[in-house]
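Chemist: Structure incoming, see below.
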Amino acid sequence: MLIERIMKKAQTIPAQAAFTEADNSYTYRDLGDAVHQIVEQLNQLALNDRPILVFGKNNFLSLTAMLASNAVGHAYIPVDEHTPLERVAAIVEASKPALVISTSAIDGSTKQVLGEPLLITEFQANPAFDFSMLDLSKAVSGHATTYIIYTSGTTGVPKGVEVSHDNLASFVAWMLSDFEQIVDNKYLAQPLFSFDLSIFSLYPSLVSGGELVSLSRDEVGNFKKLFERLNQATINTWISTPSFVDMLLVDPSFKQANHSALQQFIFCGEELTLKTARRLQEKFPDVKIYNTYGPTEATGAISSVLIDDKLLAANDRLPVGKAKPGVKLAVEQGEIIIMGDSVGNGYFENPQKTRASFVTIEGQPAFKTGDAGSLDADGMLHYQGRMDFQVKFNGYRIELQDIEANLVMNEHVEQAVMIPRYNEDHKVTALIAVIKPHAYSTDKATMRQISKAIKADLLTRVMDYMLPTKFVYFEELPLNQNGKIDRKLLAEKVAG
Ligand SMILES: Nc1ncnc2c1ncn2[C@@H]1O[C@H](COP(=O)(O)OP(=O)(O)OP(=O)(O)O)[C@@H](O)[C@H]1O
């Protein structure tokens with residue numbers, strides 16, 4: 001059992017740091033102590049067996065509240081305190097939690113949505129704590145759901161993805177056997193707990209006695225603070241979306257000399273472009289770069305590949321890797337299908353949506369990803385984009401991410417997103433290229449020249465019917481709270 005393994009490990013290294021924030025560090029003893037204190041509180045409540053919603057920041061208390069929920073046999077639902085209230089209400093309504101734990105003080109309107117939560121806003125170490133005081137006999141195990149994560153809804157209404165204890169255990173085993181093997185590994189813990197990229201650091205770190213180097217929202221949102229913190233922290237394993245690192249690459253101080261302990265970058269959640277990979281390789285020549293792929297429904301990631309010179313030279317779009325142990329991949333009618341022990345339990349209390357995407361193939365659980373891709377003879381997976389980012393324009397079927405990938409190959413383009421404009425009949429009337437250029441200028445004539453150059457270059461690689469009908473330039477592209485480019489917001493801005 002994962003929680004048992006974490007606590008056993010914690011017992012052997014109680015004084016070691018488990019979770020570090022800018023001005024606070026918590027040891028493994030603190031971790032055990034805090035989990036125990038929350039478990040004691042939960043045991044005093046007469047709870048039904050529904051999940052526990054954990055509301056708050058990405059901090060030590062939220063982490064221990066999630067672990068404590070599992071320890072008493074409940075799945076947990078992580079919800080960040082900055083989630084729009086409407087969405088929080090939708091999650092509460094859909095999940096009908098047995099209890100809400102809030103690790104942040106909440107205001108009146110939040111209280112209206114959350115009800116009367118159990119407030120856990122501070123940790124006081126108990127000098128009498130001993131690991132033997134923790135009873136894990138009811139802890140979540142086997143196929144039982146360990147967490148429910150509501151996806152960001154890039155492609156529609158958010159769905160609660162149920163991931164089992166065994167799904168997570170398989171993911172952790174893979175993380176700890178593939179990738180770079182680092183003793184006392186210090187993991188960057190930046191993604192929100194409500195985004196499944198966070199499991200890449202949380203569980204492998206805690207199970208192996210590593211240290212989680214946590215970034216607060218405040219730090220992530222303030223460049224000066226972010227660099228101060230990053231430049232003084234020791235990080236061995238970097239985990240983020242490619243967009244998060246793109247943002248940092250703008251600053252010249254983001255380079256190996258300032259991060260001498262860094263050994264690996266692990267990316268997931270979005271396309272890792274050749275451009276970003278090359279730039280990273282230049283700035284961090286000795287750091288390994290891994291691309292991984294997977295949807296929340298298949299527990300974090302299910303494939304990985306080490307990006308080396310050979311791959312960089314041989315591909316226009318980087319592959320997303322080979323399947324992890326326990327997973328088999330297939331491509332049916334262009335769609336990537338994931339089979340095996342990473343496939344989650346389904347969408348929480350949504351049998352209709354579950355039936356549509358979670359199926360059984362050759363006796364194994366399988367998930368239809370809705371992503372387009374192909375497998376080569378070596379079993380290497382190539383991602384081509386989301387199937388629902390396909391549009392019909394002037395009668396032609398067009399893959400928006402195909403245009404984006406070709407746009408980014410141009411020297412003027414740093415990042416590109418294609419936004420279709422629709423009329424009232426839901427027909428696409430324009431294809432808008434939203435671009436973060438290499439050199440942004442407010443001079444219209446300069447940008448017109450750049451558009452001309454990009455168009456001419458693009459025409460050498462794509463069919464003429466795929467050419468954007470309009471170019472819009474931004475100095476920075478907005479990211480959503482998961483650190484992915486915020487396509488919804490961009491669509492509202494340019495096509496709304
Ligand atoms: N390495 C990668 N390269 C390209 N795309 C990736 C990669 N890893 C993940 N993705 C994309 O991200 C998707 C998974 O994202 P996630 O499970 O976080 O859902 P989401 O972005 O919240 O969207 P939705 O709410 O529509 O499910 C994958 O299905 C794929 O389209």
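The values are calculated or read from the model by the stated rules, or taken from the named source; none is laboratory data. Predicted model only: the values in this text are computed from it and were never measured. Neighbour counts run over all protein chains shown; Cβ positions are idealised from the backbone, glycine included. Protein only, heavy atoms only, side chains kept; ligands, DNA and RNA dropped before computing areas. Shrake-Rupley method; radii C 1.70, N 1.55, O 1.52, S 1.80 Å.
Chemist: Once you put a point 7 Å from the Cα of R397 and another 7 Å from the Cα of T460, both along the Cβ direction, what distance in nm separates them?
Modeler: Label at R397, label at T460, 2.9 nm between them.
Chemist: When the helix-only estimate is applied to the chain (DSSP H runs of n ≥ 4, each -39,500 (n - 2.57), divided by the residue count), what is the mean residue ellipticity at 222 nm, nearest 500 deg cm²/dmol? Please report the intermediate quantities before stating the final value.
Modeler: Numbers: 16 runs with 157 residues, N = 496.
Rounded to the nearest 500, the figure is -9000 deg cm²/dmol.
Chemist: Given H placed on each backbone N at 1.01 Å, which residues far from T27 in sequence or on other chains put an amide H within less than 5 Å of it?
Modeler: A18
Chemist: Further, regarding this structure: Quick check: residue separation of K310 and E349 times 0.36 nm, minus the Cα distance between them. What number comes out in nm?
Modeler: 9.5 nm
Chemist: Given a 1.4 Å probe and every protein chain left where it sits, what share in percent of the accessible area of the chain is carbon and sulfur?
Modeler: Working: 10330 of 21240 Å².
So the carbon and sulfur contribution to the accessible surface is 49 percent.
Chemist: Now a separate question. When only C-alpha pairs under 8 Å and at least 6 residues apart count, what is the relative contact order of segment 2-384, in percent? List each step's numbers first, then the result.
Modeler: Values: 737 pairs, mean separation 50.4, N = 383.
Relative CO of segment 2-384 lands at 13 percent.
Chemist: Sticking with this one: Output ³J(HN,Hα) for segment 165-170: one whole-Hz value per residue in order, computed from phi by the Karplus curve 6.51 cos²θ - 1.76 cosθ + 1.60 with θ = phi - 60°, and x for Gly and Pro.
Modeler: 4, 5, 4, 5, 4, 5
Chemist: Using only Cα atoms, locate the centre of segment 423-496 and the centre of segment 353-400, then give the distance between them in Å, rounded to an integer.
Modeler: Here the two parts' Cα centres lie 25 Å apart.
Chemist: Right, something else. Once you have the Cα-Cα distance between T446 and K138, take 0.36 nm times their residue separation minus that, and quote the gain in nm to one decimal.
Modeler: 104.3 nm
Chemist: Could you work out how far the C-alpha centroid of segment 179-213 sits from that of segment 274-342, in angstrom?
Modeler: Computed from Cα coordinates, the inter-centre distance equals 19 Å.
Chemist: Which of K275/K427; K57/K96; K353/K455; K111/K159; K324/K493; K159/K392 have a Cα-Cα distance over 30 Å?
Modeler: Values: K275/K427 33 Å; K57/K96 21 Å; K353/K455 41 Å; K111/K159 23 Å; K324/K493 39 Å; K159/K392 27 Å.
Over 30 Å Cα-Cα: K275/K427; K353/K455; K324/K493.
Chemist: Once fully extended, how much extra length lies between Q41 and T12, figured as 0.36 nm per residue of separation less the alpha-carbon to alpha-carbon distance?
Modeler: Numbers: separation 29, 0.36 × 29 = 10.44 nm, distance 2.56 nm.
Value of the extension gain: 7.9 nm.
Chemist: Also, quick follow-up: Only bridges whose two residues both fall in the chain count here: according to DSSP, what percent of them are antiparallel, nearest 5? Write out the running numbers ahead of the final one.
Modeler: Working: 51 of 82 bridges.
Close to 60 percent.
Chemist: Right, next: Report the FRET efficiency, 1/(1 + (r/R0)^6), for A377 and K470, where r is their Cβ-Cβ distance and R0 is 51 Å, rounded to 0.05.
Modeler: Working: r = 40 Å, r/R0 = 0.79.
Efficiency for this residue pair is about 0.80.
Chemist: Would you please put 103-112, 466-475, 317-326 in order of how densely packed they are, using the mean number of other Cβ atoms within 10 angstrom per residue and starting with the highest? Spell out each step's value before the answer.
Modeler: Working: 103-112: 13.8, 466-475: 16.1, 317-326: 21.1.
The peptides rank, most packed first, as 317-326, 466-475, 103-112.
Chemist: Another question about this same structure. Between beta-carbons, use under 14 Å as the cut-off and find the net charge around L134, counting Lys and Arg +1, Asp and Glu -1.
Modeler: Cβ neighbours under 14 Å give a net charge of -1.
Chemist: Compute the FRET efficiency between E4 and A261 as 1/(1 + (r/R0)^6), taking r as their Cβ-Cβ distance and R0 = 22 Å, and round to the nearest 0.05. Display every interim value, and only then the final one.
Modeler: Details: r = 30 Å, r/R0 = 1.37.
Result of the calculation: an efficiency of 0.15.
Chemist: Starting from the 7 Å offset along Cα-to-Cβ, what nm value, one decimal, do you get for the label separation of E93 and Q333?
Modeler: 3.3
Chemist: For the chain, what is the accessible area per residue in Å², given a 1.4 Å probe and the full set of protein chains?
Modeler: Working: 21240 Å² over 496 residues.
Heavy-atom accessible area per residue stands at 43 Å².
Chemist: For a quick check of understanding: with a 1.4 angstrom probe and all protein chains in place, what accessible area in square angstrom does F254 have, to the nearest ten?
Modeler: 0
Chemist: Now a separate question. I'd like to compare 127-137, 430-440: which one has the highest average count of other Cβ atoms within 10 Å, and what's the full order after that? Walk me through the numbers on the way to the answer.
Modeler: Numbers: 127-137: 12.8, 430-440: 19.3.
Highest mean packing first, the order is 430-440, 127-137.
Chemist: Scan around H74 for amide H atoms under 5 Å from its own, H built in the peptide plane at 1.01 Å from N, and keep only partners 5 or more places away or cross-chain.
Modeler: Residues meeting the amide H criterion: V140.
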